[in-house]
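Only one structure is covered here, and it is reproduced in the block below.
No value in this document is a laboratory result; all are computed from the given coordinates. None of these values were measured; they are calculated from a predicted model. No Cβ is skipped: glycine too gets one built from the backbone with ideal geometry, and neighbour counts run over all protein chains shown.
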Amino acid sequence: MTDTIKHHLSDKLLMAYSAGTLPEAFSLAVAAHISMCDECRARLASFDAVGGALMEECSDADLSETAFEDTLALIDAVDMTAPATAAPAIGTLPRPVQDYIGGDLDAVKWKSVGMGVKQAILPTSREATARLLYIPAGAAVPDHGHRGTELTLVLQGAFADEVDRFGPGDIEIADEDLDHTPVAEVGADCICLAVTDAPLRFRGFIPRIAQPFLRI
Amino acid sequence: MFSDADALEITGTSADVPPPVGALLSIRGNGKSIEPVIEKTEEHTQDWAQVIARIRDKRDRAAFQRLFSHFAPRVKAFLMKSGTDASLAEECAQEVMATLWQKAHMFDPSRASAATWIFTIARNRRIDAIRKQRRPEPEDLPWGPEQEPDQADALALQQESEKLGAAIAQLPEKQKDLIEKAYFGDLTHSEIAEETGLPLGTIKSRIRLALDRLRHQMK
Ligand SMILES: [Zn+2]
């Protein structure tokens, strides 16, 4: 997988993820891509090294006099179990995505959005929205513009749009200038993680039919 | 820096050939209980991997105290620069240091310097305690006691980390200011420049090699 990926994360996304300032939904897309891509895993580690260097350069803040003893007390209070490392995912979806679904693909609660396309919104903080998209082989997601930035990570299958072809692990970074029509490749249904920082609008205020496509 | 003599004492290797400096990183699992004589005031980043290994293997509180006195004030300062008030920053710094103790077995010196690793723990604490959000993390690569980090990889990574630190210190003021703003949380992702101008090519290649080696071992 990791060698066939052509479309990667941008430096600014990696830096913001490393700094810890991305909205949760964006962090999910970044974490999912890195789970599939060692190149970006290494790039992220180099951005983390920048954070380490900046922290190393911070002039010392004064600690309370009992800081060390307090920390030992903290350790003694909770040091019973060595935390297990998160095992790699079993199944189709990368682990961070499974964590938000509470299982693999078969646990996704899809909702139809028409023309065979299905979606499932994942529970992240409201500054940005993350959803899984299911596009039947050969089908198109109707043309949709969007406000803000939209990331689309292919988890299974492939799609093509006006920009390029995107296969498993590829991530498309689209700003608001791009109106695109992703079409799933013939042969396999396409499953994507799509996140956007446009807020959820209209929910509960306007009749359902007036909601824009995909409720973004 | 340790002298070679110190290294010999620590690792218990044969005296025929002075061990490479990288051998300093290998005190794990040799069954020896010789205490290294540590009488330095000036820390060298490379030593931290060894200190963390002592915490991991021997639950060595003296080693932990050294790590604490160097890093806890920096973690607190880092959190305060990120807009956290002093008392919450103190509390979080203590929690970060306690986490280091607990997760010492997860530190991989071929992929991160100690400062980098501690930064990531402090950052996660900031997201969790201060921004009150979940932090989705990538899948871990399998990593356990049966897989020793490659010594040469670890040493090379420490050197690259030092070079990066020096390069950042020498950046033009304006550029450095923007990078600090990004890491202290004063910029949103859309405000971060597309071109960071950071010299990350070499350290990235190093880490990539270490990842490839790890993937190879997993097969
Ligand atoms: Zn990538």
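Placing a label point 7 Å from the Cα of B:Gln170 along the Cα-to-Cβ direction, the residues of segment B:201-217 whose backbone N falls under 16 Å of that point are B:201-203. Taking the fewest neighbouring Cβ atoms within 10 Å as the starting point, the ordered list for B:Met80, B:Met97 is B:Met80, B:Met97.
Other residues with beta-carbon under 12 Å from the beta-carbon of A:Ser35 carry, at +1 per Lys or Arg and -1 per Asp or Glu, a net charge of -3. Write out the GluC sites (Glu not before Pro) in segment A:1-72 meeting two conditions: DSSP loop, and at most 12 other Cβ atoms within 10 Å of their Cβ. Listed in order of number, the matching sites are A:Glu65. Here the dipole of segment B:149-219 is about 420 debye; that uses its Cα centre as origin and unit charges on the Cβ of Lys and Arg (positive) and Asp and Glu (negative). Sort out for me the Cα centre separation of segment A:94-135 from segment A:1-50, rounded to whole Å. Here the answer is 20 Å between Cα centres. For the set B:Lys81/B:Lys204; B:Lys81/B:Lys176; B:Lys103/B:Lys163, the pairs lying more than 23 angstrom apart at their alpha carbons are B:Lys81/B:Lys204; B:Lys103/B:Lys163.
A crude spin-label estimate for the pair B:Ala62 and A:Asp60, with each label 7 Å from Cα along the Cβ direction, gives 2.0 nm. Gain on full extension, evaluated as 0.36 nm per residue between B:Leu88 and B:Ser190 minus their Cα-Cα distance, stands at 33.9 nm.
Near A:Tyr134, once Lys and Arg are set to +1 and Asp and Glu to -1 for all other residues with Cβ below 12 Å from its Cβ, the sum equals +3.
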